[in-house]
Amino acid sequence: MSEQDTILETRNLTKEFKGFTAVSDVNLKVRRGSIHALIGPNGAGKTTCFNLLTKFLEPTTGTILFNGIDITREAPAQIARRGVIRSFQISAVFPHLTVLENVRIGLQRQLGTSYHFWRSERTLDVLNERSMDLLEQVGLADAAQIVTVNLPYGRKRALEIATTLAMEPELMLLDEPTQGMGHEDVARVTELIRQVAAGRTILMVEHNMNVVSSIADKITVLQRGAILAEGPYAEVSKDPRVMEAYMGTVEAELQGAH
């Protein structure tokens, strides 16, 4: 993969907590324009890896490169400004505002007029059209005036994706986007991720093998903080080490997802 093709790269990324290595020597390359999934059994280090990439944690050693630039020592806000946006860290932050208002706040952040709550609300009307565009993209245009707390769970997740899109991410990090969802919602959110991936790059932590097998271009399997296997789903799912790592429960899922 050429340097141009790689949007995100980690070199020997390692995180230790008091003698426990949560992420160990991880060399990850995410291809521009792809959907890349990070999977692994519980405790494999997936979330720690995400926290390192978005600088919620400092790596013990190793380097993180975004578009070829070393961002290892940058603050979370700097990284967000570069276009690395993690969904669900910003979540549907204001449950008592409407769906439209939540997206508008995401757009305000992007404009740099963040939190000018004391201004006349009319100054925010310029953002309404773009907000409605985003809601249209995630299938929520009909819910614009609903107070967020009243949305069903799956649609809240769609709103979280809309607020993430409002930040104009070049690289979107999705942390367990289908967690806790019923079958129908999973299918809807999976389709939504496929749609919003057009022209963007997505790195996702996901436990649902059906989701991963249907939309991921490449899969990295972590075990005990280290990369166990990597490649397209068809290859990774047949890897005996991967099956063993997941021990039976997910072996059935892996086979069932074909």
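I'd like the residue in the stretch 1-38 that is aliphatic (A, V, I, L, M) and more than 14 Å from Cys49 (Cβ to Cβ) and, out of all such residues, is surrounded by the fewest Cβ atoms within 10 Å (Cβ to Cβ). Quick ask: steps written out before the conclusion?
Applying the first criterion (aliphatic (A, V, I, L, M)) to the stretch 1-38 yields 1, 7-8, 13, 22-23, 26, 28, 30, 35, 37-38.
Next, from what is left, pick out any that are more than 14 Å from Cys49 (Cβ to Cβ): 1, 7, 35.
Details: Met1: 10, Ile7: 23, Ile35: 23.
Per the stated criteria, the residue is Met1.
Using beta carbons and a limit of 8 Å, which pairs, at least six apart or on different chains, have the first residue in the stretch 170-191 and farther than 12 Å from Leu203 by Cβ and the second one modelled with pLDDT under 90 and among the charged types (D, E, K, R)?
Short answer, once both residue conditions are applied: Thr178/Arg157; Thr178/Asp185; Met181/Arg157; Asp185/Arg157; Val189/Arg157.
Note down all Cβ pairs under 8 Å where the first residue falls in the stretch 29-46 and is free of Cβ contacts under 8 Å to residues at least 40 places away in the same chain, the second is among the hydrophobic types (A, V, I, L, M, F, W, C), and they're at least six residues apart or on different chains.
As it stands, the answer is Lys29/Met1; Lys29/Leu8, since those pairs meet every condition given.
Of all residues being buried (at least 22 other Cβ atoms within 10 Å of the Cβ) and hydroxyl-bearing (Ser, Thr, Tyr) in the stretch 206-240, which is nearest to Glu9 (Cα to Cα)? Just the residue, please.
So, considering only residues that are buried (at least 22 other Cβ atoms within 10 Å of the Cβ) and hydroxyl-bearing (Ser, Thr, Tyr), the one nearest to Glu9 (Cα to Cα) is Thr220.
If I ask for residues that are closer than 19 Å to His207 by Cβ and either over 14 Å from the mean Cα position of the chain (by Cα) or modelled with pLDDT under 95 (or both), which ones from the stretch 27-47 would you list?
Leu28, Ile39, Gly40, Pro41, Asn42, Gly43, Ala44, Gly45, Lys46, Thr47
Kindly provide the set of residues from the stretch 136-164 that are under 18 Å from the mean Cα position of the chain (by Cα) and polar (S, T, N, Q), ordered by number.
Within the stretch 136-164, the first condition is being under 18 Å from the mean Cα position of the chain (by Cα), and the residues that meet it are 137-138, 153-164.
Once the filter is applied, which keeps residues that are under 18 Å from the mean Cα position of the chain (by Cα) and polar (S, T, N, Q), the stretch 136-164 yields Gln137, Thr163, Thr164.
The values are calculated or read from the model by the stated rules, or taken from the named source; none is laboratory data. Only a predicted model underlies this, so the values are computations on that prediction, with no experimental measurement involved. Note that each Cβ is placed from the backbone with ideal geometry, even for glycine, and that neighbours are counted across all protein chains shown.
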